[in-house]
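Engineer: There's a structure below that I have some questions on.
The values are calculated or read from the model by the stated rules, or taken from the named source; none is laboratory data. Computed from a prediction, not measured in an experiment: that's the story for all the values here. All Cβ positions, even for glycine, are placed from backbone atoms using ideal geometry, and neighbour counts span all protein chains on display.
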Amino acid sequence: MNRLIYAIAFAADRHRNQRRKDSEASPYINHPIALANVLANEADITDEAVLVAAVLHDTIEDTDTSHDELSRIFGQEVARIVAEVSDDKSLPKAERKRLQIEHAAKISESAKLVKLADKICNLRDIVAMPPADWTADRKRTYFAWAKQVVDQIRGVHPALEALFDAAYDKEDALA
C-alpha cells in the first residue's frame, strides 16, 4: 500500500501542470487514479506492481520521467510494465496508433491489464467528458481503434474485457 500511495504522489507531482482535454480541463492525475480504481475495485486486481504501473503509466510518455528513474524508485518490474504501455512520442501519431495495435499481443500479461484499464477509462471519458474539440466522427474513430488494440489482448482478464465491452457499447451515445 505504501508504494502505491507513493506512486500516486509521484504521478501527481509529475502530471501537476497537465490537464485532460475535456471542457472542464480536469486535472490529468484523475486519469491514472481511475485506471488503478478500475483494476483494483472493478476487476479485483491485487498485484501491487500492476496497480503502481497503472498510476505511473503515462509518466515516461508524457513527463520528463525516465525508465531508469522509475526502475530506481519503483523497481524494474514496474518500470518494464510502464515502458511496455508507453508510446514513442518521437513517432508520428498515426504510427504510434498502428504500433499499439501491432504490439499489444506481445506485451506482458501485467502490461495488458494496464492497457485494458487505460482503454476502458478513455472510452468512459469520451462518453462522459469528451475532449471539447472532438467531433462525433473523431470519437467513433477512437472507439474503433481502441477496440482493435483490445482485440489483440483478449483472453488476459475476462472481467476487464467485459468492462471494456460495456464501455464500447456506449458508442451509440456519442454525439
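Engineer: Which of the residues spanning region 82-102 are part of a helix (DSSP H, G or I) and out of contact with any Asp or Glu (no Cβ under 8 Å at 6 or more places or on another chain)?
Structural biologist: Start the filter on region 82-102 by keeping residues that are part of a helix (DSSP H, G or I), which leaves 82-84, 93-102.
Hits for region 82-102 are 82, 83, 84, 93, 94, 95, 97, 98, 101, 102.
Engineer: Ok, one more. Here is a check on your reading of the model: is residue 163 touching a residue at least 60 places away in the same chain (Cβ under 8 Å), among the aliphatic types (A, V, I, L, M), assigned to a helix (DSSP H, G or I) and surrounded by 15 or more Cβ atoms within 10 Å (Cβ to Cβ)?
Structural biologist: Numbers: touching a residue at least 60 places away in the same chain (Cβ under 8 Å): yes; among the aliphatic types (A, V, I, L, M): yes; assigned to a helix (DSSP H, G or I): yes; surrounded by 15 or more Cβ atoms within 10 Å (Cβ to Cβ): yes.
Criteria met by residue 163.
Engineer: Conditions: (1) among the polar types (S, T, N, Q); (2) outside any helix (DSSP H, G or I); (3) crowded, with 16+ Cβ neighbours inside 10 Å. Residue 17 meets all but one. Number of the miss?
Structural biologist: (3)
Engineer: Same structure, new question: Of all residues in region 6-47, how many are under 15 Å from residue 59 (Cβ atoms) and aliphatic (A, V, I, L, M)?
Structural biologist: Residues meeting the conditions: 9.
Residue-wise test of (1) more than 23 Å from residue 126 (Cβ to Cβ); (2) surrounded by fewer than 14 Cβ atoms within 10 Å (Cβ to Cβ); (3) β-branched (Val, Ile, Thr).
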{"site": "29", "(1), (2), (3)": "no, no, yes"}
{"site": "37", "(1), (2), (3)": "no, no, no"}
{"site": "43", "(1), (2), (3)": "no, no, no"}
{"site": "52", "(1), (2), (3)": "yes, no, yes"}
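Engineer: Hey, another quick one. Check region 57-67 and report whether any residue there is hydrophobic (A, V, I, L, M, F, W, C) and either within 29 Å of residue 139 (Cβ to Cβ) or in contact (Cβ under 8 Å) with a residue 40 or more places away in the chain (or both). Please lay out each step first, then the result.
Structural biologist: Taking region 57-67 and keeping what is hydrophobic (A, V, I, L, M, F, W, C), we get 60.
Those left that are additionally either within 29 Å of residue 139 (Cβ to Cβ) or in contact (Cβ under 8 Å) with a residue 40 or more places away in the chain (or both): 60.
Within region 57-67, one or more residues are hydrophobic (A, V, I, L, M, F, W, C) and either within 29 Å of residue 139 (Cβ to Cβ) or in contact (Cβ under 8 Å) with a residue 40 or more places away in the chain (or both).
Engineer: Find the residue count for region 2-28, including only residues that are modelled with pLDDT under 95 and either on the phi > 0 side of the Ramachandran plot or in contact with a Leu (Cβ under 6 Å, 6 or more places away or on another chain) (or both).
Structural biologist: Summing the residues that are modelled with pLDDT under 95 and either on the phi > 0 side of the Ramachandran plot or in contact with a Leu (Cβ under 6 Å, 6 or more places away or on another chain) (or both) in region 2-28 gives 1.
Engineer: Please verify whether residue 174 is within 27 Å of residue 25 (Cα to Cα) and buried (at least 21 other Cβ atoms within 10 Å of the Cβ), treating the condition exactly as stated. Can you show your working first?
Structural biologist: Details: within 27 Å of residue 25 (Cα to Cα): yes; buried (at least 21 other Cβ atoms within 10 Å of the Cβ): no.
Considered against the rule, which asks whether it is within 27 Å of residue 25 (Cα to Cα) and buried (at least 21 other Cβ atoms within 10 Å of the Cβ), residue 174 comes out as no.
Engineer: Right, next: Suppose the filter is in a helix (DSSP H, G or I), within 26 Å of residue 130 (Cβ to Cβ), of a type in the set (Val, Ile, Thr) and free of Cβ contacts under 8 Å to residues at least 40 places away in the same chain; does residue 8 pass it?
Structural biologist: Values: in a helix (DSSP H, G or I): yes; within 26 Å of residue 130 (Cβ to Cβ): yes; of a type in the set (Val, Ile, Thr): yes; free of Cβ contacts under 8 Å to residues at least 40 places away in the same chain: no.
Against the criterion (in a helix (DSSP H, G or I), within 26 Å of residue 130 (Cβ to Cβ), of a type in the set (Val, Ile, Thr) and free of Cβ contacts under 8 Å to residues at least 40 places away in the same chain), residue 8 does not qualify.
Engineer: Condition first: within 18 Å of the chain's Cα centre (by Cα) and either assigned to a loop (DSSP other than H, G, I, E, B) or at positive phi (or both). Now tell me which residues in region 120-154 satisfy that.
Structural biologist: Listed by number, the residues that qualify are 129, 130, 152, 153, 154.
Engineer: Please verify whether region 67-89 includes one or more residues that are over 17 Å from the mean Cα position of the chain (by Cα), surrounded by 13 or more Cβ atoms within 10 Å (Cβ to Cβ) and β-branched (Val, Ile, Thr).
Structural biologist: Yes, there is a match, as at least one residue in region 67-89 is over 17 Å from the mean Cα position of the chain (by Cα), surrounded by 13 or more Cβ atoms within 10 Å (Cβ to Cβ) and β-branched (Val, Ile, Thr).
Engineer: Those residues that are under 24 Å from residue 94 (Cβ atoms), touching a residue at least 40 places away in the same chain (Cβ under 8 Å) and not β-branched (Val, Ile, Thr), I need them from region 149-160; list them, please.
Structural biologist: Selection gives 152 alone.
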